[in-house]
Structure formats: C-alpha cells, structure tokens
1. Of the conditions (1) assigned to a helix (DSSP H, G or I); (2) touching a residue at least 60 places away in the same chain (Cβ under 8 Å); (3) out of contact with any helix residue (DSSP H, G or I) (no Cβ under 8 Å at 6 or more places or on another chain); (4) of a type in the set (Gly, Ala, Ser), GLY4 satisfies every one except a single condition; which number is it?
2. Which residue is farthest from THR23 (Cα to Cα), if the candidates are limited to segment 88-102 and must be hydrophobic (A, V, I, L, M, F, W, C) and surrounded by fewer than 18 Cβ atoms within 10 Å (Cβ to Cβ)?
3. Can GLN24 be described as over 13 Å from MET91 (Cα atoms) and within 12 Å of the chain's Cα centre (by Cα)?
4. Which members of segment 7-30 meet the condition of being assigned to a helix (DSSP H, G or I), of a type in the set (Val, Ile, Thr) and surrounded by fewer than 23 Cβ atoms within 10 Å (Cβ to Cβ)?
5. Could you please give the count of residues in segment 66-85 that are at pLDDT 95 or above, among the β-branched types (Val, Ile, Thr) and not in a strand (DSSP E or B)?
6. Considering (1) within 25 Å of MET1 (Cβ to Cβ); (2) in contact (Cβ under 8 Å) with a residue 60 or more places away in the chain, say which one LEU108 fails and leave the rest.
7. Output the number of the condition that ILE88 fails; it satisfies all remaining conditions of (1) assigned to a loop (DSSP other than H, G, I, E, B); (2) touching a helix residue (DSSP H, G or I) at 6+ places or on another chain (Cβ under 7 Å).
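The values are calculated or read from the model by the stated rules, or taken from the named source; none is laboratory data. The shown structure was predicted, so the numbers you read here are calculated from the model rather than taken from an experiment. Cβ atoms come from the backbone with ideal geometry, glycine included; neighbour counts cover every protein chain shown.
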Amino acid sequence: MIRGIRGATTITVDNAEAVFTATQQLAIEMALQNDIAPDDVASVIISTTPDITSSFPAKAVRMLDGWNYVPVMCTHEMNVSESLPKCIRIMMHVNTDVNQQDVVHIYLNDAVTLRPDLVKK
C-alpha cells in the first residue's frame, strides 16, 4: 500500500547551501523515523514557498546515497499572505504496511508551527 509521509522545514536565508542542507536533513529524518529505504519510495514532491528561488531541492534528495533513481519533483506553494516564509515541504509517497495513524510526519525548525498536533514531543 502507498502512504504519504509529510515533512516540512524552514531556512533562514535563501541560498543553495541552505536549501540543500535543510532538504537533505528533512528527507533523511523522514526516512529514518519511518524505516524507509529508497526502494520503498514511489515518488517525492517537494514544494517551496515563493521566496525560495536559489536552487532545486529535488537535486538535494537525488544526491542522497541510493536516491538517484527516485522520481522527485519540485513546485512552489501558493503565495498566501501571512504564510510561513522560507518553507520547504516534502510529500514522500512510500510503499509500506504501516497504518495511517502510525506514520511519523516530520516538522523541523519553524515548520513545527504548521502541524503542532503531529510534532512528537
């Protein structure tokens, strides 16, 4: 069965190094917390707020060991007023037998404010 695993993080400055570091940290944590190997991943969609323009976060995921064949796509979030700035979101579609309520969604940095109900204390 395919399940979606959500994750989000923020960066403080829009540059390629910050985007790559934050994206890789988030993807790795999502995989670790859900015991996901690259071969379990059907696809990954990464969105950024419109204030992130320095690089493609999908490239950061494809650079992870074993992830070079995982289909990854980038897009921008809607430009909603008062939304969380400099935010990177990942929706990872994975093959898993884990029940929906047992999936661990990961929110890092200022993104913990997006879904406090899903953030593990």
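1. Among (1) assigned to a helix (DSSP H, G or I); (2) touching a residue at least 60 places away in the same chain (Cβ under 8 Å); (3) out of contact with any helix residue (DSSP H, G or I) (no Cβ under 8 Å at 6 or more places or on another chain); (4) of a type in the set (Gly, Ala, Ser), GLY4 violates only (1).
2. Filtering segment 88-102 for residues hydrophobic (A, V, I, L, M, F, W, C) gives 88, 90-92, 94, 98.
Narrowing the set further to residues that are surrounded by fewer than 18 Cβ atoms within 10 Å (Cβ to Cβ) leaves 91, 98.
Numbers: MET91: 12, VAL98: 24 Å.
Filtering segment 88-102 for residues that are hydrophobic (A, V, I, L, M, F, W, C) and surrounded by fewer than 18 Cβ atoms within 10 Å (Cβ to Cβ), the one farthest from THR23 (Cα to Cα) comes out as VAL98.
3. Details: over 13 Å from MET91 (Cα atoms): yes; within 12 Å of the chain's Cα centre (by Cα): yes.
Answer is yes for this residue.
4. Step one: of segment 7-30, the residues assigned to a helix (DSSP H, G or I) are 16-30.
Now drop any that are not of a type in the set (Val, Ile, Thr), which leaves 19, 21, 23, 28.
If the condition is that a residue be assigned to a helix (DSSP H, G or I), of a type in the set (Val, Ile, Thr) and surrounded by fewer than 23 Cβ atoms within 10 Å (Cβ to Cβ), then THR21, ILE28 are the ones that fit.
5. Final tally of qualifying residues: 1.
6. Of the numbered conditions (1) within 25 Å of MET1 (Cβ to Cβ); (2) in contact (Cβ under 8 Å) with a residue 60 or more places away in the chain, the odd one out for LEU108 is (1).
7. Only one criterion in (1) assigned to a loop (DSSP other than H, G, I, E, B); (2) touching a helix residue (DSSP H, G or I) at 6+ places or on another chain (Cβ under 7 Å) is unmet by ILE88, namely (1).
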